[in-house]
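**Q** One structure follows; several queries about it will come next.
Read-outs throughout are calculated quantities, based only on the coordinates presented, and are distinct from any laboratory measurement. Just so it is clear, the model here is predicted, and its values are computed rather than measured. As a convention, Cβ positions derive from the backbone with ideal geometry for all residues, glycine included, and neighbour counts pool all protein chains shown.
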Amino acid sequence: MNGQRSAKSDSQESPNANAATLLSYLLGGLAFWGGVGWVADWALGFSGLFLPIGLGVGLVGSIYLIYIQHVRS
Amino acid sequence: MGADVNVVAASESGCHIFGHGCGFEAPGVGLFSPTPWLDFGLPGAAGVNKYYLVAAVALIIAAAFWYFTTRRAKVVPGRGQSMAEMLVGFLRDQVTRTTMGKEGDRFLPLIVTLFLFIFCMNIMGLIPGLQLPVTTSLAFPAVLALFVFLLWNIVGIRRHGFGGHIKARLVPGGVPAWILPIVVPIEALSNFVIRPATHMIRLFATMFAGHLLLALFAAAGFYMFNPLSQMGALYGALSVGYSAIALVGFLVFTAFELFIMAVQAYVFVLLTSIYLGEAIEGAH
């Protein structure tokens with residue numbers, strides 16, 4: 001989402017839009033990888049081992065995506 | 001702009017401050033479940049209720065606005081036509097052009113229609129006698145957000161082909177291949193589930209909370225108004241003072257809510273425009 005739009009209107013991009021995108025990345029990362037961790041815990045018979053790992057991976061992945069899409073570019 | 005009809009109806013138990021000792025009953029989510037006039041007994045359906053009426057009124061107001069402001073359009077615009085032109089110009093300059101450039105002009109009719117329709121649905125919360133914002137029913141923002149989501153996909157697929165659109169939405173550019181298994185599911189969930197969901201919930205939740213707050217002030221004003229208190233004239237006067245404070249709060253928050261109604265309609269169409277701009281643009 002950073003191609004033409006950023007080039008033509010970097011200064012005009014709405015803070016609301018940015019906030020919405022960042023929020024969806026953070027929620028997506030936590031929900032997906034947290035969910036994978038929870039399923040792994042349930043399937044392998046652990047209690048609270050893979051869930052925090054999954055949440056951590058999801059958070060790091062989300063922050064990395066935000067960095068790639070909105071900071072580095 | 002009087003007290004909410006539902007609130008007053010709910011408060012007809014006669015409970016007042018400095019009265020019989022019964023407490024204040026705050027308005028709850030029951031405000032948003034009006035009694036159905038026609039119920040077909042369909043599972044998960046609320047039946048034909050007040051939401052149908054206020055949605056129809058909102059639609060008529062939006063349509064009437066365009067009819068009366070543009071039916072005798074002239075080169076030198078009158079007051080109504082100027083207002084319509086200002087609205088279109090504002091949305092073109094602040095929404096479609098800033099997010100999609102000149103190409104956004106193609107979507108301007110959609111954006112203008114969405115904005116006015118959502119704004120009209122929102123202001124139904126302030127129309128005396130109706131006082132129920134249509135967007136406090138999750139179904140209405142959900143359908144609008146679903147429509148935008150479908151359009152976003154259609155525009156992307158028409159522009160870049162199915163594979164191109166899906167790839168653009170799932171695979172972020174400049175990411176090493178070994179990180180892709182981690183970030184592609186996040187992109188998928190974010191773009192195809194969470195974004196349309198937050199698009200819908202933002203509008204719904206803001207209007208829901210705002211209307212509940214107004215109802216609370218109205219109910220509090222009613223509860224605290226007890227000039228004929230059995231506890232004496234002093235308490236009666238005190239209750240009138242309390243009630244006046246609640247009334248002032250009600251008026252202030254009504255004005256604030258009007259502003260929020262416009263802002264939420266604007267945010268909805270701004271996000272719509274940004275999503276469509278992304279679909280046109282394609283790859284990251």
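**Q** With springs only between Cα atoms under 10 Å apart, run a GNM on chain B and tell me which of B:Leu247, B:Leu214, B:Leu228 wobbles the most.
**A** B:Leu228
**Q** Now for a different question. What does the helix-only formula give at 222 nm for chain B: each DSSP H stretch with n ≥ 4 adding -39500 (n - 2.57), the total divided by the residues, and the result rounded to the nearest 500 deg cm²/dmol?
**A** -22000 deg cm²/dmol
**Q** Let me ask something additional. Give me the mean projected area, in nm² to one decimal, of the convex hull enclosing the Cα positions of chain B.
**A** Details: hull surface 84.4 nm².
Reported value for the Cα convex hull: 21.1 nm².
**Q** Let a ≥ b ≥ c be the square roots of the eigenvalues of the Cα gyration tensor of segment B:20-179; is it rounded (a/c under 1.5), or, if not, prolate (a/b larger than b/c) or oblate? Walk me through the numbers before you get to the answer.
**A** Numbers: a/c = 2.31, a/b = 1.26, b/c = 1.83.
Because a/c hits 1.5 or more and a/b fails to exceed b/c, segment B:20-179 counts as oblate.
**Q** Could I ask something else about it? Evaluate the distance, in nm, between pseudo-label points positioned 7 Å from the Cα of A:Leu59 and of B:Leu151 along their respective Cα→Cβ axes.
**A** With each label placed 7 Å out from Cα toward Cβ, I get 3.8 nm.
**Q** Under 37 °C and 0.692 mPa s, how fast does segment A:26-73 diffuse according to Stokes-Einstein, given a Kirkwood radius computed over C-alpha pairs? Answer in µm²/s, whole number. Please report the intermediate quantities before stating the final value.
**A** Numbers: Rh = 10.8 Å.
For these conditions, the coefficient is 303 µm²/s.
**Q** What does the structure give for B:176-189 when I average, per residue, the other chain Cβ atoms found within 10 Å of the residue Cβ?
**A** On the way: counts 0, 0, 0, 4, 0, 1, 10, 9, 2, 9, 16, 8, 2, 11.
Per-residue shielding by partner chains comes out at 5.
**Q** What chymotrypsin sites (Phe, Trp or Tyr not before Pro) does segment B:9-111 have in DSSP loop regions with at most 14 other beta carbons within 10 Å? Don't skip to the answer; put the middle values down first.
**A** Details: sites: B:Phe18, B:Phe24, B:Phe32, B:Trp37, B:Phe40, B:Tyr51, B:Tyr52, B:Phe65, B:Trp66, B:Tyr67, B:Phe68, B:Phe90, B:Phe107; in loops: B:Phe18, B:Phe24, B:Trp37, B:Phe40.
Qualifying residues, ordered by number: B:Phe24, B:Trp37, B:Phe40.
**Q** Rounded to whole Hz and in sequence order, give me ³J(HN,Hα) for segment B:68-83 from the Karplus expression 6.51 cos²θ - 1.76 cosθ + 1.60, θ = phi - 60°, writing x for Gly and Pro.
**A** With the stated coefficients, segment B:68-83 comes to 6, 8, 10, 5, 10, 5, 10, 5, 9, x, x, 5, x, 5, 4, 4 Hz.
**Q** Amide H of B:Ser229: which non-local residues (sequence gap of 5 or more, or other chain) have their own amide H closer than 5 Å, using H built in the peptide plane?
**A** Under 5 Å from the amide H of B:Ser229 lie the amide H atoms of B:Gly236, each far enough along the sequence or on another chain.
**Q** What are the ³J(HN,Hα) values, in whole Hz, obtained from phi via the Karplus relation 6.51 cos²θ - 1.76 cosθ + 1.60 with θ = phi - 60°, for each residue of segment B:117-134 in sequence order, with x given for Gly and Pro?
**A** Whole-Hz 3J(HN,Hα) from phi for segment B:117-134: 5, 5, 4, 5, 5, 5, 6, 4, x, 10, 7, x, x, 9, 6, 8, x, 4.
**Q** Using the Cα gyration tensor of segment B:232-284, with a ≥ b ≥ c the square roots of its eigenvalues, what is the shape: rounded (a/c below 1.5), prolate (a/b larger than b/c) or oblate (neither)?
**A** Values: a/c = 11.32, a/b = 6.73, b/c = 1.68.
Prolate, since a/c reaches 1.5 and a/b exceeds b/c.
**Q** Still on this structure, I have one more. Taking θ = phi - 60°, what integer Hz values does the Karplus form 6.51 cos²θ - 1.76 cosθ + 1.60 yield along segment B:53-66, in sequence order, with x for Gly and Pro?
**A** Running phi through 6.51 cos²θ - 1.76 cosθ + 1.60 with θ = phi - 60° gives 5, 5, 5, 5, 5, 4, 5, 5, 4, 4, 5, 5, 4, 5 Hz.
**Q** If the viscosity is 0.692 mPa s and the temperature 37 °C, what translational diffusion coefficient in µm²/s does Stokes-Einstein give for the protein assembly as shown when Rh comes from Kirkwood over Cα pairs? Present the calculation step by step, with values, prior to reporting the outcome.
**A** Numbers: Rh = 23.5 Å.
Translational diffusion coefficient: 140 µm²/s.
**Q** What do you get when you divide the Cα radius of gyration of segment B:161-208 by 2.2 N^0.38 Å, with N the number of residues?
**A** Relative to the 2.2 N^0.38 Å estimate, segment B:161-208 comes out at 1.46.
**Q** Check the cysteines of chain B one by one and keep only those with no other cysteine Cβ under 4.7 Å from their own.
**A** B:Cys120
**Q** Right, something else. Identify, among A:Val57, A:Gly34, B:Phe117, the residue whose Cα sits farthest towards the positive end of the charge dipole of the protein assembly as shown, taking +1 on the Cβ of Lys and Arg and -1 on the Cβ of Asp and Glu, with the dipole about the Cα centre.
**A** Among A:Val57, A:Gly34, B:Phe117, the one farthest towards the positive end of the dipole of the protein assembly as shown is B:Phe117.
**Q** How would segment B:76-143 be classified by its alpha-carbon gyration tensor: rounded, prolate or oblate, with rounded meaning a/c under 1.5 and the a/b versus b/c comparison settling the rest?
**A** Details: a/c = 3.57, a/b = 1.45, b/c = 2.46.
It comes out oblate by the Cα gyration axes.
**Q** What FRET efficiency would be calculated for the residue pair A:Val71, B:Lys167, taking the C-beta separation as r and a Förster radius of 25 Å, to the nearest 0.05?
**A** Values: r = 23 Å, r/R0 = 0.91.
So, using R0 = 25 Å, E works out to roughly 0.65.
**Q** Contact order normalised by length for chain B, with contacts defined as Cα pairs under 8 Å and 6 or more residues apart; what percent is it? Numbers along the way, then the final one.
**A** Values: 327 pairs, mean separation 79.4, N = 284.
Rounded, it is 28 percent for chain B.
**Q** Using unit Cβ charges (K, R positive; D, E negative) and no other charged atoms, how large, in debye to the nearest 20, is the dipole of the protein assembly as shown about its Cα centre? Working shown, then result.
**A** Working: 18 positive and 15 negative charges, 241 e Å.
With only Lys, Arg, Asp and Glu charged at Cβ, the dipole is about 1160 debye.
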